[in-house]
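Undergrad: Pasting a structure below so you can have a look.
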Amino acid sequence: MSPGAEAAAARMADAASRFLASLDEDQRPAAGWPFPAGDERLRWYYTPTDHGGLPLGRMRPAQQQLAFALLAAGLSRPAYVTACTIVGLENVLDQFEGWAMRWERERGRDPGLYYVRVFGDPAGDQPWSWRFGGHHVSVHHLVAGGEVRASTPLFLGADPAVSPLLGGAELRPLGTAEDLGRELLASLDAAGREQAIVSPVAPFDLVSGNRPRVADGDLPLGLPDIWRGRFTGATGELLEALQRRLEAGLSTRDEDLEAVRFTLLPKGVGGRDLDGGQRELLMRIVAVYVARLPDELAEVELAKYTERTLDELSFAWAGGAERGVPHYYRVQGPRLLIEYDNAQRAGNHAHSVWRDPDGDFGMDFLGQHHLQGARRRSTQPSRRHT
């Protein structure tokens, strides 16, 4: 066992158990579900929709504290600060939009609509998982055998991506992730940039979207498709209009979408074609996403990236190279997909995600776990009653 994965799992189990123990009979059905709960455990969102679970707004203050303690157990300190900042941005976004958005609920931009759900028994010896999700935050962890086995998808976003602070400073929750990508692009020579830039137009959103599984040939999902259920009536028409306006503003053509289509064969410039300083920048990009994990888990994850594995990574860019214009980048390699998109609101609305295309939600581990269990059962001698 990994001591770090054990320690992180123990903290998560303690925090989840405390949270569940605080719930009353009316709250428990929303917050605690059996594991694995079919397709529901694999559903995830980053829009202001019902993420599935008990929302903060239905919790007492002490329960909200326990919910945030669980979130903190699943993130590093910097990532927890970033997530809390993103939750607070709902109030900024509400003002930015003139307090007008509703999304068919009383308040469209609501910091009380972040949801917690635990699947299984965190105090038991069987696999269990949990998630914390709301607008621009989606955190998932799978625990089995006393260790954290999976922590993706892990999504953080920011709208606005840049906000003014007193004294001329700026609030940029995802600023480092954006700046490192641009720095790597700027470090490339003409031939390297020609390889790296796959399209002059950024996609309007993450190419993988909120699909449970990343698949060869994926294109960005339309705005109406990334909610729990599709809106109809006036809200549905609003989303369709927003989609058309967004694509028109970006001047998106079919060939631009085709250029960013996800393929199993990575696009862009390969790690083996980068020099030492550029490889260091590529590693720093990976590290800023992995560092969302608790320190012990991040250390183990980062140890996987050696000189050889860096050769297998690729870096692709779409859109403008200047700050403040729509842009997108992707880092792809074995068991790794990083996407950063800042194309909406004319480059002031950022989405970022770290995924494991083969093991999101721990599906690879659970499949192997069940296979091993079936093999053990098949080799046991049968018992006959006489």
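The values are calculated or read from the model by the stated rules, or taken from the named source; none is laboratory data. Because the structure is predicted, anything quoted here is derived from the model rather than measured. Every residue, glycine as well, gets a Cβ built from its backbone with ideal geometry; the counts of neighbours run over all protein chains shown.
Undergrad: Between L180, L185, which is over 19 Å from the mean Cα position of the chain (by Cα), modelled with pLDDT of 95 or more and part of a helix (DSSP H, G or I)?
TA: Details: L180 fails: over 19 Å from the mean Cα position of the chain (by Cα).
Just a single option satisfies the conditions, and that option is L185.
Undergrad: Of everything in the range 150-171 that's in contact with a helix residue (DSSP H, G or I) (Cβ under 8 Å, 6 or more places away or on another chain) and closer than 30 Å to F365 by Cα, which residue is surrounded by the fewest Cβ atoms within 10 Å (Cβ to Cβ)?
TA: Taking the candidates together, the pick is A150.
Undergrad: Somewhere in the range 261-273, is a residue of a type outside the set (D, E, K, R), buried (at least 19 other Cβ atoms within 10 Å of the Cβ) and assigned to a helix (DSSP H, G or I)?
TA: yes
Undergrad: OK, next. List, please: which pairs have Cβ atoms under 7 Å, are six or more places apart or on different chains, and start with a residue in the range 83-102 that is among the aromatic types (F, W, Y) and end with one that is assigned to a loop (DSSP other than H, G, I, E, B)?
TA: Matching pairs, first to second residue: F96/P160.
Undergrad: Another question about this same structure. May I ask you to say which residue of L302, L310, L265 is farther than 14 Å from L337 by Cα, modelled with pLDDT of 95 or more and not basic (K, R)? Give the derivation first.
TA: Working: L310 fails: farther than 14 Å from L337 by Cα; L265 fails: farther than 14 Å from L337 by Cα.
Going through L302, L310, L265 in turn, the sole match is L302.
Undergrad: So is R284 in contact (Cβ under 8 Å) with a residue 12 or more places away in the chain, surrounded by fewer than 20 Cβ atoms within 10 Å (Cβ to Cβ) and part of a helix (DSSP H, G or I) or not? Working first, answer last.
TA: Details: in contact (Cβ under 8 Å) with a residue 12 or more places away in the chain: yes; surrounded by fewer than 20 Cβ atoms within 10 Å (Cβ to Cβ): yes; part of a helix (DSSP H, G or I): yes.
Judged against the criteria, R284 is a match.
Undergrad: Let me ask something else. Among the residues in the range 197-212, are any among the charged types (D, E, K, R), free of Cβ contacts under 8 Å to residues at least 12 places away in the same chain, assigned to a loop (DSSP other than H, G, I, E, B) and within 30 Å of G38 (Cα to Cα)? Please lay out each step first, then the result.
TA: To start, the set of residues in the range 197-212 that are among the charged types (D, E, K, R) comprises 205, 211.
Now drop any that are not free of Cβ contacts under 8 Å to residues at least 12 places away in the same chain, which leaves 211.
Going one step further and asking which of them are assigned to a loop (DSSP other than H, G, I, E, B), we end up with 211.
Those left that are additionally within 30 Å of G38 (Cα to Cα): 211.
Within the range 197-212 (the criterion being among the charged types (D, E, K, R), free of Cβ contacts under 8 Å to residues at least 12 places away in the same chain, assigned to a loop (DSSP other than H, G, I, E, B) and within 30 Å of G38 (Cα to Cα)), the answer is yes, since at least one residue qualifies.
Undergrad: Mind listing whichever residues of the range 287-316 are assigned to a loop (DSSP other than H, G, I, E, B), surrounded by 14 or more Cβ atoms within 10 Å (Cβ to Cβ) and either over 16 Å from the mean Cα position of the chain (by Cα) or not small (G, A, S) (or both)? Spell out the reasoning first.
TA: At the first step, the residues of the range 287-316 found to be assigned to a loop (DSSP other than H, G, I, E, B) are 291-294, 303-306, 312-313.
In the following step, the residues that additionally are surrounded by 14 or more Cβ atoms within 10 Å (Cβ to Cβ) were identified as 291-294, 305, 312-313.
Answer for the range 287-316, where residues must be assigned to a loop (DSSP other than H, G, I, E, B), surrounded by 14 or more Cβ atoms within 10 Å (Cβ to Cβ) and either over 16 Å from the mean Cα position of the chain (by Cα) or not small (G, A, S) (or both): R292, L293, P294, Y305, E312, L313.
Undergrad: Report whether or not G133 is assigned by TED's automatic domain parsing to the domain that holds R117, in contact (Cβ under 8 Å) with a residue 12 or more places away in the chain, among the small types (G, A, S) and within 20 Å of I338 (Cβ to Cβ).
TA: Spelling it out, G133 is indeed assigned by TED's automatic domain parsing to the domain that holds R117, in contact (Cβ under 8 Å) with a residue 12 or more places away in the chain, among the small types (G, A, S) and within 20 Å of I338 (Cβ to Cβ).
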